[in-house]
Amino acid sequence: MRTHGYGQIGQHRHSGKQGGHGNAGLHKHKWSWLVINDPDHFGRDPFRPPGHIKPSRWINVGDLDQLANGVKFLDLSGLGVEKLLGSGKVSGAYEVKVASLTKKAQAKIEAAGGKIATQE
């Protein structure tokens with residue numbers, strides 16, 4: 001008999017005997033296989049340190065001129081900006097209040113005659 005009791009077409013041909021395709025079941029029924037053969041499968045990523053928090057809102061130094069509109073004091077923390085980056089050019093001397101900033105941004109603001117008040 002051609003089908004050996006498994007129906008007509010395609011029955012018992014796919015991945016039923018394997019427990020699923022690919023990595024299916026590694027947290028369930030293939031856990032013992034995982035522990036023996038690939039113990040570092042769900043390990044940590046050495047290129048991303050566990051305490052690294054990327055700021056979600058930042059602004060470049062080159063955008064300060066548009067943001068200022070003639071004002072010399074800029075409270076970036078009050079606007080929701082977490083970090084000041086150093087890309088671009090500054091033409092005015094601004095006093096900037098921000099939570100954190102890069103060394104390049106600090107150098108550009110101080111070179112233009114401005115001040116920085118970091119918030120901690």
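Determine whether the stretch 45-63 contains at least one residue that is in a helix (DSSP H, G or I), free of Cβ contacts under 8 Å to residues at least 24 places away in the same chain and of a type outside the set (Asp, Glu).
no
Could you identify the single residue in Gly43, Gly70, Gly51 that is loosely packed, with under 10 Cβ neighbours inside 10 Å, of a type outside the set (Phe, Trp, Tyr) and closer than 30 Å to Ser32 by Cα? Please lay out each step first, then the result.
Numbers: Gly70 fails: closer than 30 Å to Ser32 by Cα; Gly51 fails: closer than 30 Å to Ser32 by Cα.
Going through Gly43, Gly70, Gly51 in turn, the sole match is Gly43.
Would you call Val71 under 30 Å from Thr118 (Cβ atoms) and in contact with a helix residue (DSSP H, G or I) (Cβ under 6 Å, 6 or more places away or on another chain)? So that I can check it myself, show each step before the final result.
Working: under 30 Å from Thr118 (Cβ atoms): yes; in contact with a helix residue (DSSP H, G or I) (Cβ under 6 Å, 6 or more places away or on another chain): no.
No: the conditions fail for Val71.
Can you say whether Asn60 is at pLDDT 90 or above and of a type in the set (S, T, N, Q), as far as the supplied structure shows? Steps first, please.
Values: at pLDDT 90 or above: yes; of a type in the set (S, T, N, Q): yes.
So Asn60 fits the description; yes.
Can you tell me which of His29, His21, His4, His14 is over 28 Å from the mean Cα position of the chain (by Cα), part of a loop (DSSP other than H, G, I, E, B) and surrounded by 11 or more Cβ atoms within 10 Å (Cβ to Cβ)?
His29
Identify, from the list Gly113, Gly88, Gly80, the residue that is modelled with pLDDT of 90 or more, on the phi > 0 side of the Ramachandran plot and within 22 Å of the chain's Cα centre (by Cα). Talk me through it step by step, then tell me what you get.
Values: Gly113 fails: within 22 Å of the chain's Cα centre (by Cα); Gly88 fails: within 22 Å of the chain's Cα centre (by Cα).
Exactly one residue qualifies, and that residue is Gly80.
The values are calculated or read from the model by the stated rules, or taken from the named source; none is laboratory data. Since we're looking at a predicted model, the values are computed, not measured. With ideal geometry, Cβ positions are generated from the backbone for all residues, glycine too; neighbour counts draw on all protein chains shown.
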